[in-house]
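Contents: one structure, followed by commentary.
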Amino acid sequence: MNIIKKFNPLNMMYMGMTALVLSACGGSDSTPTLETPPDNIPTTTVILVQDAEDEDDKGYLIAGNTSSDRESLTLYTFAGDTQGVSTCYDECAQVWLPYTVPTEEHAVTITSGAISVAARIDGSLQVTVVPALGEEPKPLYFYVNDIVQGELLGADIEGWRVSSFNLDKVPDILVASLNFSVDGSITEFFSNGEAECCDQPGAVIDGNGLLGGLFGVGDGFSVTVPAAADGVSKIGFNYYRGADTDGSMTVSIDGVTVGQFVIVPNSADWASLSENAAPTAFLELDTPLAAGDVITVMVDSQFSAGNGESFGFYKPGAATITLATLEVEDGISITEFFSNGEAECCDQAGAVIDDNGLLGGLFGVGDGVAITVPAEAAGANQFGFTYFRGADTDGSMTVSVDDIPVGKLVLVPNSADWASLSENAAPTAFIDLDTPLVAGQIITVMVDSQFSAGNGDAFVFNLTSKPAPVLTDILVLADDGVVTEFFSNGEAECCDQAGAVIDDNGLMGGLFGVGDGFSVTVPADSDGATRFGFSYFRGADTDGSMTVLVDGVAAGTLIIAPNSADWASLSENAAPTAFMNLSTPLVAGQVVTVMVDSQFSAGNGVSVSFYK
């Protein structure tokens, strides 16, 4: 079965990391059924066809609902086109027909810049696509001999390819690199199984500044995981080697084998090695690395002489695509403005638009603004507020979706030059949302920490492809020894479970008043964790919050929303969880303290969790 996915923002839904889509309808393998777009949007220009049985198939593009006789036919791109500009004219354009539209509005986009147009020499507008994140736009063409939907007769012609669209193509990010020619990066060098430790002469740094002597069984080296690579799950070895046979190297961490680097031939021109970019062998690790781990790489399959260049540590890349931006001067973008907690509804005069065209009056507790999630922002899992503010103190704003708090925007000082604000690019504070947004929801942003006068510029809705956090450990608060400190009204009642007020449901009670709280110790498996969660039950009358401290230093705030007043059945229900992202990874043995800082109805803690 083929799935037809329209590039139409009004149908956008969040679906896992791809978040691609849109409305779908079924049909036969060769003739998928087209869906007529709504009357209130421009004609949809491009449709993505995917095989429902092949999750890895990124699909191909066809033209949808065009005014020509080539509706629903396959689209192609040309290798000779660069930077979104067509080079296909005259005889070429008679075989490869440019896909043009009357106006830019006809090129409906689901992402910022994924579908656009480029002017041809005659002034007509040719539709372009960004095939994958980070790639340049490509003009789209029909092949003259394709006359029936599903035909791909141009697929095997040199220089031409069936156009595709893939939102998942995000490169990994290099977070740390060890250069073998830099003294100290090699902690052990092995030759024929013998260790020649640890200086660079022993590591056989050759005339090209590369690590030589890596080709025979028993040759190898060791490196130590640097602090910047704490928590990473992918490593790479940049190398050169001769071109006659394949080989491999076994990778061990602290003496435990974790996998192999497959070393393929890449060069026998040793004289020019230092001038070439080095190919890289990669290895995905089942367990994230911890700073200080020792990685040993040993040749286990003889190959021709090889030279190592560097060792890399990588984390998954995260694509961020802007689905929508609401400018504050737009008369319909502000649905409510608050001053000192009072609503001044709904026109821009009430929203205090200043001489710079910015949203002013946002700095005191109780100031805020409400907006409605636009249709094109449906599926967004990141929300941003673009702002200017003075340079004296930090501040924060609580974000709620349909009156449920979802996190905080931390507003750091960025400018005291108010006169030139309208000319400067505004920094943006972002929060990641655990639940994607739905069109029509109300987002309220309220100042909760006084700061110097601030001005808002825009609200941003992003779609990110950040990988889901991996649970590294969960500590059940009723387990003996998990809670290392319990606080009541600011007083420590250390350290047994009786002090932690374990109630009849097996939950940790007594968490609701300012000064109530508890401490836990970061377990070994959670070394490098960058996300913290607290699972709890609590009554349904007021919101509250808890400050999280790591070794006594404030690291963020957990928003504790009401979830249940039916205390008798709490032990039978799943506990909601508040999450917080950490700017600095945790280290095993650190003490995490959670303290109530805003009074709420009686609460019970269930567990804390750590994620990478």
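The values are calculated or read from the model by the stated rules, or taken from the named source; none is laboratory data. Every value quoted in this text rests on a predicted model; they were computed, and no experiment measured them. Please note: Cβ atoms are built from the backbone with ideal geometry, for glycine as well, and neighbour counts cover all protein chains shown.
Overview of results
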quantity	calculated
Subset of the range 301-324 (residues that are of a type in the set (Asp, Glu) and at pLDDT below 80)	none
Subset of the range 239-255 [touching a Pro at 6+ places or on another chain (Cβ under 9 Å) and buried (at least 20 other Cβ atoms within 10 Å of the Cβ)]	Tyr239, Tyr240, Arg241, Gly247
Selection from the range 193-227 of residues that are within 30 Å of the chain's Cα centre (by Cα) and exposed (fewer than 14 other Cβ atoms within 10 Å of the Cβ)	Ala227
Search result, residues across the range 297-323 that are crowded, with 19+ Cβ neighbours inside 10 Å and over 23 Å from Val223 (Cβ atoms)	Ala319, Ile321, Leu323
Candidates Gly231, Gly209, Gly236 - the one that is touching a strand residue (DSSP E or B) at 6+ places or on another chain (Cβ under 9 Å) and over 30 Å from Asp473 (Cβ atoms)	Gly209
Tabulated pairs, the range 202-217, first under 15 Å from Asn192 (Cα atoms), second hydroxyl-bearing (Ser, Thr, Tyr) and assigned to a strand (DSSP E or B), C-beta under 7 angstrom, 6+ apart or interchain	Gly213/Ser191
Among the candidates Asp496, Asp480, Asp504, Asp525, residue that is modelled with pLDDT of 85 or more and either charged (D, E, K, R) or outside any loop (DSSP other than H, G, I, E, B) (or both)	Asp525
Residues of the range 75-93 classified as of a type in the set (Ser, Thr, Tyr) and in contact with a Ser or Thr (Cβ under 8 Å, 6 or more places away or on another chain), total	2
Selection within the range 586-600 - modelled with pLDDT under 85 and either within 18 Å of Ile474 (Cβ to Cβ) or loosely packed, with under 14 Cβ neighbours inside 10 Å (or both)	Gln599
Residue count, the range 231-275 (criterion: over 30 Å from Thr584 (Cα atoms) and either assigned to a helix (DSSP H, G or I) or modelled with pLDDT under 90 (or both))	24
Subset of the range 507-520 (residues that are surrounded by 14 or more Cβ atoms within 10 Å (Cβ to Cβ) and either in a loop (DSSP other than H, G, I, E, B) or not β-branched (Val, Ile, Thr) (or both))	Leu507, Met508, Gly509, Gly510, Leu511, Phe512, Gly513, Val514, Asp516, Gly517, Phe518, Ser519
